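The values are calculated or read from the model by the stated rules, or taken from the named source; none is laboratory data. Every value quoted in this text rests on a predicted model; they were computed, and no experiment measured them. Heads up, the Cβs are rebuilt from the backbone with ideal geometry, glycines too, and the neighbour counts pull from every protein chain shown. Just the protein is used for accessible areas: all its heavy atoms, side chains included, with ligands, DNA and RNA removed. Shrake-Rupley method; radii C 1.70, N 1.55, O 1.52, S 1.80 Å.
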Amino acid sequence: MSRKPKEERRDNIISSALKLFSERGFHITTIPDIAEKVGMSVGNFYNYFKSKDILAKELVVYISTYLGDEIAKINDQKISTKEKVSAIVKMYFKMAREDPEKIEYFLRVYLSNREVFGGGGCDGMLCVSPFVTELMIFFDDGVEQGNLRNQDFFSAFGLFMGYLGGMVFLFGEKILPKPLNEYEESISENIYNALRVQ
Amino acid sequence: MPYASSEKKPALIWLQGVTCNGNSHSFLNLPYLPQLLEKYEIIYHPLLEGTSTLHELVLNKAECDVLIFEGAYDPLMKRHNVSLKDIVTHYAGLAKYIIAAGSCASFGGMFKASAPERNTGLILNESEPQGPLLVIKQKVINLSGCPIHPEWLGFTLTMIADNREIPVDELNRPIELYSRLAHHGCTRNEYFEWKVDSKAFGLKEGCLFYEQGCRGPMTHASCNHILWNEVNSKTRAGTPCFGCTEPDFPRKNLFTTKTNMSIPVDIPVGISKRSYLALAGVAKTFHIKRLEGKLIDEKRNN
């Protein structure tokens, strides 16, 4: 109720763009396609996003912020590191099932089209900062509590996120024989066992 | 109003507990020391000429308006067979101002380590209120540092001689000297901003916070504002600050930055970890060519 119509329309553009990119592919989808789906003129569309490139980068920030907020909620809970791992895996897989366009965009567009995202707009980890920051908080807390082994950040990050991304990719390709949620327990166990203090 | 030359100069006594003399040595480097000492009557100082001998002092035969205490307080220590406790308590009672010169006298510091269960500062044991002068802590000014910069003491003594009030912080340190962080004024601030780390001491380039254990962003001190020997500071020269003005000095594992999964455990004072990591995490992944080599080479190669 307190949200302005402009914000709502911006969110509409975002969700419509994600759906179209998922259905038709990133390069094939045009601004007029998205504008038509939202029900606005192309001219008006440019009031919200000045170009497809800018939209592409904003989408990464949007998804990272969404994921970051979800992980922040888990980080702030007074539960064990092991339970936090399970909660993060569960949240990530739930998003893959119920909101697949978001993670698909991340894996298939952001990670796979570096030429779109480099060159200033999304240098380094700039656009994924909200997400990475929360993982840093998770790792820092885990080591501080004496539960996780102290090691290089990227070694741990790669293990956690590479694993989850890989599983979601296989899920998207319909290669997994079982429903995604049936993998949650074993995957959480694998991650925790790999990262914990021995 | 500054004292008139016909008024009696304040009587100053400089006493030592368990000390290395570092603060006395530092004080001798004050450029305007002769003029400053003109404002006082030096009753006793371990290195400078005074009107009283230490022996006379311990027999309680001297006046005292300003008591400076250097070194950790050891309750079992004796000077000329008189317990330090008695000497300190007596002169602290007479004095209008008491200055703890250095981190040992302020918090226990380095020489607390020689007898950790009994050595303390004058009013603080690290950050806990404890010490021989705790009941009169309102008279005590802590000038923490290892050693203190001569100007910190010069400032304090000038203010006292001029009858000026010296507002202090929660650790009794003058806020005019201890509001800044050692971080403020460090010449490496661009490297701090973009998280470009120095790989060794003594290099002109790079920030010392992330890998070399610099405590600058967590330490209250004026070192990069009032320069040492009027020209330099630790961090400018390429040595990390080791936080000598704070109650937890000395720490273990100096010159290493403690990290959890490459994330610094201690971050700049007053900043939330989330905020710090959001900025630092991003900055660390950038590559700014100009900041990756020697600064001079960028110009030389043009």
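Tabulated data
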quantity: Looking only at the range B:263-277, and only at residues there that are without any contact (Cβ under 8 Å) to a residue 40 or more places away in the chain and open to solvent by 30 Å² or more (accessible area, probe 1.4 Å), the one that is farthest from A:Gln151 (Cα to Cα); calculated: B:Gly270
quantity: Residue match in the range A:38-61 (condition: touching a helix residue (DSSP H, G or I) at 6+ places or on another chain (Cβ under 6 Å) and in contact (Cβ under 8 Å) with a residue 60 or more places away in the chain); calculated: yes
quantity: When residues of the range A:118-145 are limited to those that are open to solvent by 50 Å² or more (accessible area, probe 1.4 Å) and more than 9 Å from every other protein chain (Cβ to nearest Cβ), the one farthest from A:Ile88 (Cα to Cα); calculated: A:Gly119
quantity: Those residues of the range B:175-195 which are open to solvent by less than 80 Å² (accessible area, probe 1.4 Å), within 27 Å of B:Pro247 (Cβ to Cβ) and not polar (S, T, N, Q), in sequence order; calculated: B:Ile175, B:Leu177, B:Tyr178, B:Leu181, B:Ala182, B:His183, B:Gly185, B:Cys186, B:Arg188, B:Phe192
quantity: Residues (in contact (Cβ under 8 Å) with a residue 60 or more places away in the chain and charged (D, E, K, R)) located in the range A:96-114; calculated: A:Arg97, A:Glu101, A:Lys102, A:Glu104, A:Arg108
quantity: Cross-chain or 6+ apart pairs with Cβ under 8 Å, the range B:278-302 first and within 15 Å of B:Tyr210 (Cα to Cα), then open to solvent by 80 Å² or more (accessible area, probe 1.4 Å) and part of a loop (DSSP other than H, G, I, E, B); calculated: B:Ala283/B:Trp194
quantity: Some residue of the range B:278-294 being closer than 26 Å to B:Ser179 by Cβ, under 33 Å from the mean Cα position of the chain (by Cα) and open to solvent by less than 30 Å² (accessible area, probe 1.4 Å); calculated: yes
quantity: Hits in the range B:103-153 - residues which are open to solvent by 10 Å² or more (accessible area, probe 1.4 Å) and among the hydroxyl-bearing types (Ser, Thr, Tyr); calculated: B:Ser114, B:Ser127
quantity: Helices (runs of 4 or more DSSP H) enclosed by the range B:193-300 - at least 2 residues per element that are of a type in the set (A, V, I, L, M) and either in contact with a Phe, Trp or Tyr (Cβ under 7 Å, 6 or more places away or on another chain) or within 14 Å of chain A (Cβ to nearest Cβ) (or both); calculated: B:273-284
quantity: Output for the range A:44-68, where each listed residue is loosely packed, with under 13 Cβ neighbours inside 10 Å and over 18 Å from A:Glu8 (Cα atoms); calculated: A:Ser51
quantity: Positions within the range B:202-244 being open to solvent by 60 Å² or more (accessible area, probe 1.4 Å), in contact with a Ser or Thr (Cβ under 7 Å, 6 or more places away or on another chain) and modelled with pLDDT of 95 or more, in sequence order; calculated: B:Arg236
quantity: The listed residue being surrounded by fewer than 15 Cβ atoms within 10 Å (Cβ to Cβ) and more than 14 Å from every other protein chain (Cβ to nearest Cβ), out of A:Glu115, A:Glu104; calculated: A:Glu115
quantity: Residues located in the range A:146-173, provided they are within 11 Å of chain B (Cβ to nearest Cβ), of a type in the set (Gly, Ala, Ser) and surrounded by fewer than 17 Cβ atoms within 10 Å (Cβ to Cβ); calculated: A:Gly146, A:Ser155
